[in-house]
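Enquirer: One structure, as C-alpha cells, below. Some questions next.
The values are calculated or read from the model by the stated rules, or taken from the named source; none is laboratory data. This structure is a prediction, so every number in the text was calculated from the model and none was measured. Here the Cβ is made from the backbone with ideal geometry for all residues, glycine too, and neighbour counts use every protein chain on show.
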Amino acid sequence: MSTPSDPTREPTTEVPWERLDVRIVLAAFLGALVRLVPAALAWWFFDQDDTAARVTVAVLAAVALVHPANEALKYLKVRYRITPGELQVRKGLLVRSAHSVPLHRIRTVDITSPLIHRLLGLAVLTVGTGSNLMSDPTSGVALAGLRAPVAAALRSRLANEAELASPPATVEQPVRDDGTVVELRWAWIVYAMSGVWLLVGALSVGGTLFGMASAIGRGDWLTNGVAAAATALGVFAAVVGLVVFLLVGTVAGAVTFVTGWWGYRLVREPGGTFVASRGLLTTRSFTADRARMRGVTLTSSPLVRLFGGGLARPVMTGVSLRQTMNESAALLPTTTHDEAVRLGDTLLGSRLLQSLDDGTVRLVTHPPAARRRAVARWLIADAVVAGLVALGTALWGWPAWLLAVPVALLPLCVLAGRAAYRALGHALVDDHLYLRRGVVIRRTDVLEVRGISGANVTQSPVQRWLGLAHLVATTAAGEQAYRAVDVAVGDATVLAAALTAESSVVTFTGA
Amino acid sequence: MTTPAGTPPRPPRHQVDPRAVRYWLTSGLISLVTVVVVAVVPALLWEPVRPWFLGIGGLVALLVLPQVLVAPWLRYRTHRWEATETAVYSRTGWWGREWRIAPLSRVQTVEAKRNVLHQAFGLAAVSVTTASAQGAIVIQGLDATVADDLVAALTTATESTRGDAT
C-alpha cells in the first residue's frame, strides 16, 4: 500500500510539491486558547490556591505553546503532490519518509472542518484506501490543514481519478436534476432523541460536567449538590432522577442531531460518486464511490422501530478505522423506515431493501430447533440473574422478595426468545445474500455476493446436537464478517458452497 | 429432514500429519506448566497473596487441562484440509467445528509458518489470507515439505487469478 521511497529521485519531478496552509499554526493556538481562557478565568475567579485548578491551567498553557509549535513543525515537514498515478505525502526534514497512495486504490475522500478551521478557511482532507482496516493503521492518509477551496479541488480530482471502474446503476432511482438524493428533514430529530443518546446522553453530559468541575478543583460541588438534592427529594428521588436522566438524554440526542446533521445533503455526482455534506460547527463532507459499496445494513433500536424509523448504512470497502470511529463516514442519519429503504437502495443502485418490504424476496424461516435455542438462551440469562440474586440473599442479606424478579421475568424471557427466533431469516437471491436477526437491535444485512471473499460454517456442540450451524460470510467491506445465526446445517452447507462457487463441499451421501 | 438439509459440509480430503498430536500435546503442556509456575512461584514467595494466586491459578489450570488430556487427539480426528482446483478448504476444532472455504480468486497471501516447536517436530502451519480481516485460513500440523509444496502450488494458482479481490 504505502511504500517508503525517495520521492526526490523519482522521474516525476515536474509536479511541484505543495505545503499545508500556514494558518494551521494560528488554528492550533486559537484552539488551545479556547480551552485555556475559561479554565484560567475560573481559576482566577474561584480559588487561586487550589492545586488541581493550578495544574489544569499550567497544562493548558503548556498545550497553548507546544501545539502551535508542533503545527509549525508540521507545516515545515509535510508536503504533498498528485503525480499522474499517485498521491504522495512526504514528511520530515532530515530523515525523510514518504507515503505513496496509488490513485486507483483510493476509495473514499472525506473533508472535515472544525469550527476554528472554518473561521480561518481551513479543512482536513482524509483519504481512505481499501486495505484491511484492522491490520493497517496507515490505510488512511490525512492532509490536516489545507485551504478549503484547495481541499475541495483535491477531492473532486481524487474522486474523478479513482472512480474509473464505477459500474452504472442497474436500476435508476428518483434523483433530482442537480443530483440531490435527499436533504435534511427536521422530523428525523425524533429518532436521534429516542436512539442511543437516550441512554448514554445523561452519562456523557454528567461525566463532562464533573470532569470540567474537577479540573478547576470544584468536583465536590457537584457531588455534594446531587447528594443534597437526593436527600431533599426523599422517596421521589428515583422518579425525579429517571425523569432528569431521560430529559438530559433526549436533549443531548437533539443537540447531537442538530450539530451533526445541520444542512445535511446527499448528492449523487455525474460519475456515480455520492457526497454527503453536513454539520453546524464542524462541517463534514464525505465522498464515497458507488463501486466501493458491497451491500447495505438496515438497523433499528426498539424505540426507533416504534416510531417507524430505521438507519441504512452502506457496507463499504476502504473506510479507515479512524473514519469509522469518529462517524465521519456516515452517509445517512436515522430516518423513517421507508426513507431508509429508498436511500439504501439508491446507494446500491438496485431495489434490494424494497424487494424485502414488498415481498418480492422472501426470507427462509430457520428450523424450529433455532427457536428452542433462542428461548433457552434467554432462560439461561434469567437463571444466571436468579443465581446471583440467590447468592446475594444468602451471603449479603439482600431482601428475599428480590427472588421474585427473575421469576416474574420468566414469561418475558420466553417471549423474547420467541421474538428473537421470529427475527431470524436469510435468503440468497440473484447474487445477493439477505440476513436478518436481532430482537432488541433488529438488523437486516444485504450483501453482494461479488464482495464476499470466503464462507465459514461453524457448529458448537449444542448446535451439532440440534442440527444447526452459523454461516459466516467474510468480506473486505464493512464489518468484515456477516453471520446467519442458527441455520439448518444443510442449508449452511449449501449457502457456503453457493457463496464461494465451490459446489464440491456439499455431500449427498446422507440421502 | 431431507437431504441435504441435515448434512454438514463434506470432510476435506487430507488429514494432518500424525506428529501434530505430539505438537498439540507439547504446546498444551507448555501452557499448563507456565500457568502452574506463574501461580505457584509468587504463592511460595509471598504469603498474603497465596490463596489468590493458588485459587485463580488452579481455575486457569483446570481450563487448560482439556488441552492436554483430550484436545490433541480430538483435533487430529477433526482437522482436515484440501486445496481444490478453485479453493482452499479446511475443517478445524475439537470442542466445536468450523469449516472454512476461501476461493483462490480471493486469496491475497499464502505463507508457511514455522515456530520453534514446529521445527522440533518437522512440522509447519500454512496460513492463507483474503482481503477480509476475518477470512484467514490456518492449516496447522502439516509436514514441513507438504506445507512447502502446498504454498508453492497455491502461489502459482492464485497468481493467475490476481485481481483487486475486494
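Enquirer: For the list (1) modelled with pLDDT under 90; (2) part of a strand (DSSP E or B); (3) on the phi > 0 side of the Ramachandran plot, I need the number of the one condition that residue B:141 fails.
Expert: Among (1) modelled with pLDDT under 90; (2) part of a strand (DSSP E or B); (3) on the phi > 0 side of the Ramachandran plot, the lone unmet condition for residue B:141 is (1).
Enquirer: Answer yes if at least one residue in the stretch A:435-444 is out of contact with any Lys or Arg (no Cβ under 9 Å at 6 or more places or on another chain) and of a type outside the set (Gly, Ala, Ser), and no otherwise. Let's see the steps before the verdict.
Expert: Of all residues in the stretch A:435-444, those out of contact with any Lys or Arg (no Cβ under 9 Å at 6 or more places or on another chain) come to A:438, A:440-441.
Of the ones still in play, those that are also of a type outside the set (Gly, Ala, Ser) are A:440-441.
Yes: one or more hits.
Enquirer: Looking at A:54, A:79, A:105, can you tell me which residue is within 22 Å of residue A:122 (Cβ to Cβ) and of a type outside the set (Ser, Thr, Tyr)?
Expert: A:79
Enquirer: Scan the stretch B:74-97 and give yes if some residue there is in contact with a Phe, Trp or Tyr (Cβ under 6 Å, 6 or more places away or on another chain), touching a residue at least 24 places away in the same chain (Cβ under 8 Å) and more than 15 Å from residue B:137 (Cα to Cα), otherwise no.
Expert: yes
Enquirer: Considering only the stretch B:76-83, I want to know if a residue exists there that is in contact with a helix residue (DSSP H, G or I) (Cβ under 7 Å, 6 or more places away or on another chain), among the aliphatic types (A, V, I, L, M) and over 25 Å from residue B:23 (Cβ atoms).
Expert: No, the stretch B:76-83 contains no residue that is in contact with a helix residue (DSSP H, G or I) (Cβ under 7 Å, 6 or more places away or on another chain), among the aliphatic types (A, V, I, L, M) and over 25 Å from residue B:23 (Cβ atoms).
Enquirer: So which residues in the stretch A:249-284 are out of contact with any Phe, Trp or Tyr (no Cβ under 7 Å at 6 or more places or on another chain), part of a helix (DSSP H, G or I) and crowded, with 16+ Cβ neighbours inside 10 Å?
Expert: Residues satisfying the conditions are A:250, A:254, A:255, A:257, A:260, A:261.
Enquirer: What are the residues in the stretch A:335-356 that are among the charged types (D, E, K, R) and at pLDDT below 90, if any?
Expert: Kept after step one, since they are among the charged types (D, E, K, R), are these residues of the stretch A:335-356: A:338-339, A:342, A:345, A:351.
Result: A:351, single match.
Enquirer: For a quick check of your reading: which strands (runs of 3 or more DSSP E) sit entirely within the stretch B:1-113 and have at least 3 residues that are under 29 Å from residue A:467 (Cβ atoms) and within 14 Å of chain A (Cβ to nearest Cβ)?
Expert: Working: elements: B:80-83, B:87-92, B:97-103, B:107-113.
Result: B:80-83, B:87-92, B:97-103.
Enquirer: For the stretch A:201-221, how many residues meet the condition of being free of Cβ contacts under 8 Å to residues at least 12 places away in the same chain and aliphatic (A, V, I, L, M)?
Expert: 3
Enquirer: Sticking with this one: From the list B:29, B:63, pick out the single residue that is more than 30 Å from residue B:150 (Cα to Cα) and hydrophobic (A, V, I, L, M, F, W, C).
Expert: Values: B:29 fails: more than 30 Å from residue B:150 (Cα to Cα).
Result of the check over B:29, B:63: B:63.
Enquirer: Can you name every residue in the stretch A:464-475 that is within 32 Å of the chain's Cα centre (by Cα), of a type outside the set (Val, Ile, Thr) and facing chain B (nearest Cβ under 8 Å)?
Expert: Initially, the stretch A:464-475 is screened for residues within 32 Å of the chain's Cα centre (by Cα), giving A:468-475.
Subsequent filtering for residues that are of a type outside the set (Val, Ile, Thr) retains A:468-471, A:473.
A:469 - this is the single residue of the stretch A:464-475 that is within 32 Å of the chain's Cα centre (by Cα), of a type outside the set (Val, Ile, Thr) and facing chain B (nearest Cβ under 8 Å).
Enquirer: Which of the residues that make up the stretch A:476-511 are more than 8 Å from every other protein chain (Cβ to nearest Cβ) and at pLDDT below 90?
Expert: Matches in the stretch A:476-511: A:478, A:479, A:503.
Each row is one residue, and each column tells you yes or no for (1) more than 16 Å from residue A:27 (Cα to Cα); (2) without any contact (Cβ under 8 Å) to a residue 12 or more places away in the chain; (3) surrounded by fewer than 17 Cβ atoms within 10 Å (Cβ to Cβ); (4) under 30 Å from the mean Cα position of the chain (by Cα).
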position	(1), (2), (3), (4)
A:52	yes, no, yes, no
A:55	yes, yes, yes, no
A:60	no, no, no, no
A:66	no, yes, yes, no
A:69	no, yes, yes, no
A:92	yes, no, yes, no
A:99	yes, no, no, yes
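Enquirer: Within the stretch A:422-453, count every residue that is in contact with a helix residue (DSSP H, G or I) (Cβ under 7 Å, 6 or more places away or on another chain) and not in a strand (DSSP E or B).
Expert: Residues that pass the stated criteria total 6.
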